[in-house]
Amino acid sequence: MIPSSVSVLMVDDVPDNLLVLEELLRHPGRRLVRAGSGNEALRLMLKQEFALVLLDVQMPGMDGYETAELMRGAESTRSIPIIFMTAGDRSDEAAFRGYDVGAVDFLYKPINPQLLLNKVEVFVELHRRNLELCALNAALERATDALHEKVADLESVNQTISHDLRAPLRSIVGFTEILAESLEGRLDDETAGHFRRIVAAGERMGRMLDDLYRLLRLSAAEQVFPPTECGAVFRGVVDDLRGDIESSGAEVTSDALPTLRANPVLLAQIFQNLFANAIKFRGGEHPRVHVTAEAQPSGWQIGVRDNGIGIPPAARERVFGLFDRVGETLPGTGVGLALCKRAVEKHGGRIWVESGPSGGSTFYFTIPARE
Ligand code: ADP
């Protein structure tokens, strides 16, 4: 919480001077505190927080310089700004001595009221900003702690997915298959169908767990963006998908692709998911996939165009949601595009899809330039 008023400490051994200062500085957002000696000032400073100290130099007993020196010695008072008020020496030596013990400014008596007000206002404002910054910092620290907790949760969820959930699922599917085999010939069609459905559902769940694992791994992945040759990543992915490409008769081509600052593993995952989808959601013709690259003032826009079944307008945003799918006829888990979205966002970019009424989709994503 930032306090509504900030405190200014005025130190002078002459009570009338303090009254004059108080008169000049009175303001609803300021709390003015008086001290008649260096000792009293130090005691007050240890008890409460001040935005500024107006410190008379010539005082009997402990003078302003000595008071300032003692302030510098204590952690809690070290950084309170001091404006020295002096009637005497205007020499450079005196000023240097003041700066040495922590003065940030000087006011010479008789004090010019406007100058006093201006200087005090600057320090009060500075203090207010400082308090705001501290509050923001504290909020940031709390948010960072919460984030660390979430990352730790995510890691343990991932551990659960990759081991604790995968293992029993493997048993369910494996033993169901063994059971079905051992009963072969003795089952009626309906019961055999039930066995097949258990196995298919288990396998589907396994794929979902694998995809979820990939997605969570990606969320926790390190963010390094070296200069990456996009064309090489493209060729690597085409190579990996060689089987699907050949069996579907697909043609996957590209413009000349740039070298850009991107994470090569994430870029490959984006291409891999988009190409696999373009082949899977094909229309009547052989799939044709083409990658474009357009330089923009803020980075690169990459497009992956296909001649597939297209995506209805109402589904064009939600396909990027986790487990969101348009139809259930083709196999899939609905994780691929969510993964692409995360990977693009890791680069600070965005992804969207455009699709015409007669089919064909183009997925665009941006990779912002970085220093
Ligand atoms: P999955 O492919 O496992 O279903 P995705 O997240 O990759 O999951 O895709 C979500 C949905 O978006 C798909 O189920 C499909 O309906 C639609 N989709 C994705 N890519 C294409 C595409 N190139 N053409 C037509 N529909 C697509």
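Looking across segment 43-57, the residues that are surrounded by fewer than 20 Cβ atoms within 10 Å (Cβ to Cβ) and free of Cβ contacts under 8 Å to residues at least 40 places away in the same chain come down to 43, 44, 46, 47. When the test is whether a residue is more than 22 Å from residue 208 (Cα to Cα) and open to solvent by 30 Å² or more (accessible area, probe 1.4 Å), residue 331 does not pass it. One residue stands out among those in segment 305-321 that are buried (at least 19 other Cβ atoms within 10 Å of the Cβ) and within 9 Å of the ligand (Cβ to nearest atom): the one that is farthest from residue 287 (Cα to Cα), which is 320. The single condition from (1) within 12 Å of the ligand (Cβ to nearest atom); (2) within 25 Å of residue 347 (Cβ to Cβ); (3) surrounded by 13 or more Cβ atoms within 10 Å (Cβ to Cβ) that residue 302 fails is (1).
The condition (being outside any helix (DSSP H, G or I) and hydrophobic (A, V, I, L, M, F, W, C)) is satisfied by just one residue among 44, 32, 24: 32.
Note on segment 259-276: among residues that are away from the ligand (no atom under 16 Å from the Cβ) and without any contact (Cβ under 8 Å) to a residue 60 or more places away in the chain, the one that is farthest from residue 343 (Cα to Cα) is 259. When segment 50-71 is filtered for residues that are part of a loop (DSSP other than H, G, I, E, B) and of a type in the set (A, V, I, L, M), the ones remaining, listed by number, are 51, 57, 59, 62.
Among the residues of segment 155-184, those identified as open to solvent by 90 Å² or more (accessible area, probe 1.4 Å) and without any contact (Cβ under 8 Å) to a residue 12 or more places away in the chain are 159, 163, 164, 175, 178, 181, 184. When the criteria are applied in full, residue 354 meets the requirement of being acidic (Asp, Glu) and either under 19 Å from residue 234 (Cα atoms) or within 13 Å of the ligand (Cβ to nearest atom) (or both).
Going by the structure shown, is residue 328 charged (D, E, K, R) and more than 24 Å from the chain's Cα centre (by Cα)? Before the answer, list the steps.
Values: charged (D, E, K, R): yes; more than 24 Å from the chain's Cα centre (by Cα): yes.
Yes; evaluated as a whole, the condition is true for this residue.
Every listed requirement among (1) assigned by TED's automatic domain parsing to the domain that holds residue 12; (2) in contact with a helix residue (DSSP H, G or I) (Cβ under 9 Å, 6 or more places away or on another chain) is met by residue 173 save one, (1).
Restricted to segment 277-299, and to residues that are in a loop (DSSP other than H, G, I, E, B) and without any contact (Cβ under 8 Å) to a residue 12 or more places away in the chain, which residue is nearest to the ligand (Cβ to nearest atom)?
First, pick out the residues of segment 277-299 that are in a loop (DSSP other than H, G, I, E, B): 281-287, 297-298.
Subset that is without any contact (Cβ under 8 Å) to a residue 12 or more places away in the chain: 284, 297.
Details: 284: 14, 297: 28 Å.
Here the answer is 284.
For segment 358-371, check the following and say yes or no: at least one residue is within 11 Å of the ligand (Cβ to nearest atom), within 17 Å of residue 234 (Cβ to Cβ) and open to solvent by less than 30 Å² (accessible area, probe 1.4 Å). Break it down into steps so the answer makes sense when it comes.
Looking only at segment 358-371, we keep the residues that are within 11 Å of the ligand (Cβ to nearest atom), and these are 359-363.
Subset that is within 17 Å of residue 234 (Cβ to Cβ): 362-363.
Remaining after also requiring open to solvent by less than 30 Å² (accessible area, probe 1.4 Å): 362-363.
There is at least one residue in segment 358-371 that is within 11 Å of the ligand (Cβ to nearest atom), within 17 Å of residue 234 (Cβ to Cβ) and open to solvent by less than 30 Å² (accessible area, probe 1.4 Å).
Listed here are the residues, each with its yes/no results for (1) among the polar types (S, T, N, Q); (2) over 21 Å from the mean Cα position of the chain (by Cα); (3) closer than 30 Å to residue 329 by Cα; (4) modelled with pLDDT of 85 or more.
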position	(1), (2), (3), (4)
153	no, no, no, no
169	no, yes, yes, yes
173	no, yes, yes, yes
181	no, yes, yes, yes
189	no, yes, yes, yes
202	no, yes, yes, yes
219	yes, no, yes, no
223	yes, no, no, no
229	no, yes, no, yes
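Of all the residues in segment 240-262, those that are under 29 Å from the mean Cα position of the chain (by Cα), surrounded by fewer than 21 Cβ atoms within 10 Å (Cβ to Cβ) and part of a loop (DSSP other than H, G, I, E, B) number 1. Take the conditions (1) within 12 Å of the ligand (Cβ to nearest atom); (2) of a type in the set (Asp, Glu); (3) without any contact (Cβ under 8 Å) to a residue 12 or more places away in the chain; residue 324 misses just one of them, which is (3).
Beta carbons closer than 9 Å, at least 6 apart along the sequence or on distinct chains, pair a first residue in segment 229-256 that is within 19 Å of residue 302 (Cβ to Cβ) and touching a residue at least 40 places away in the same chain (Cβ under 8 Å) with a second that is aliphatic (A, V, I, L, M) and open to solvent by 20 Å² or more (accessible area, probe 1.4 Å) for 230/257; 230/293; 234/252; 234/257; 234/268.
The values are calculated or read from the model by the stated rules, or taken from the named source; none is laboratory data. Since the model is a prediction, treat every value here as computed from it, not as a measurement. For neighbour counting, all protein chains shown are included, and Cβ atoms are generated from backbone atoms with ideal geometry for every residue, glycine included. Just so you know, the surface numbers come from the protein's heavy atoms only, side chains and all, with ligands and any DNA or RNA stripped out. Shrake-Rupley method; radii C 1.70, N 1.55, O 1.52, S 1.80 Å.
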